[in-house]
C-alpha cells in the first residue's frame, strides 16, 4: 500500500496559500471598489439627465412651469410645478409623482454646483444678444433662486424653454469639491433643451482633440454667419441670376408696397 496517498498539507503550505490569497485580494479590492464608485457616479449623472428631461416634458404637456431646485438639508433635487400661473403666480408645489420623488443621487454622490450659462468645455461663457442675456434664468422667488451652496434653480416654462445650465456631479460633501475629484457634467442646451453628459476637458485634452479653445470661448454673435455663393462653375464666368439658371424676380419689385 502506498503510504503517500493519504498525505495531507502541512501547516506551512496552508499558510502560504492563505497569504497568497490575501495578496491577490488586496490587489483586486481597490480596482473593484474604484469601478463601483465610477459606476455610481455615471449612474447618478444619468439619473439627473432623466430628471431634467422628465421635468421639461411635463412642463410642455401640462402647460405649467416646472423647476428643479436644491436644499442644503436635502441631498436630492426637489421638483416643483406652478399649478395656477394666473391666480397664484410664483406659487410652486412639490411634484408627488414617482419619477420626481425617487432618489437620483446614489450614496456619497452629490450635485456640487448648478451653473447657469453656456459652457465652453471647462469654462462658462455668458452669451449676450440683442434680445437679452440668454444666461439669465426665469424670475423665481428670490430666496429660492440659489441655495446656500450657490446651486441655481432651473426653471422650465410652459413651452419647454429652459436656460443653459450645467450640473456638476462628483463624490464628496457639497462645498468641498476639489480639482482632483472625478466629475461628470450634465449640460442642458438652452437652445434645444437637449441634455448631454460630458466630462471636463483641460488644455491638454483640447489640444489632443485639435480644438481651438479660443473659438469655444467666442460669443455666438461674433461668429461670421455670412454665406458666400460663388457664381458660375469651372470654366463659367460671373453673370446675373438668369444666366445662372436662377429665376429673375425683378419684375415683382414694388408689389405689395
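Rule-based calculations on the coordinates, nothing more; no lab input. As the structure is a prediction and not an experimental result, all values here were calculated from the model. Here the Cβ positions follow ideal geometry from the backbone for every residue, glycine too, while neighbour counts run over all protein chains shown.
Here are a few things to note about the model shown:
- Taking packing as the residue-averaged number of other Cβ atoms within 10 angstrom, the listed peptides 12-20, 175-183 run from highest to lowest as 175-183, 12-20.
- Distance between modelled label sites at residue 103 and residue 191, nm, 7 Å Cα→Cβ extension: 3.9 nm
- One chain, two ends: residue 20 and residue 43. Fully extended at 0.36 nm per residue, the span grows by 4.8 nm beyond their Cα-Cα distance.
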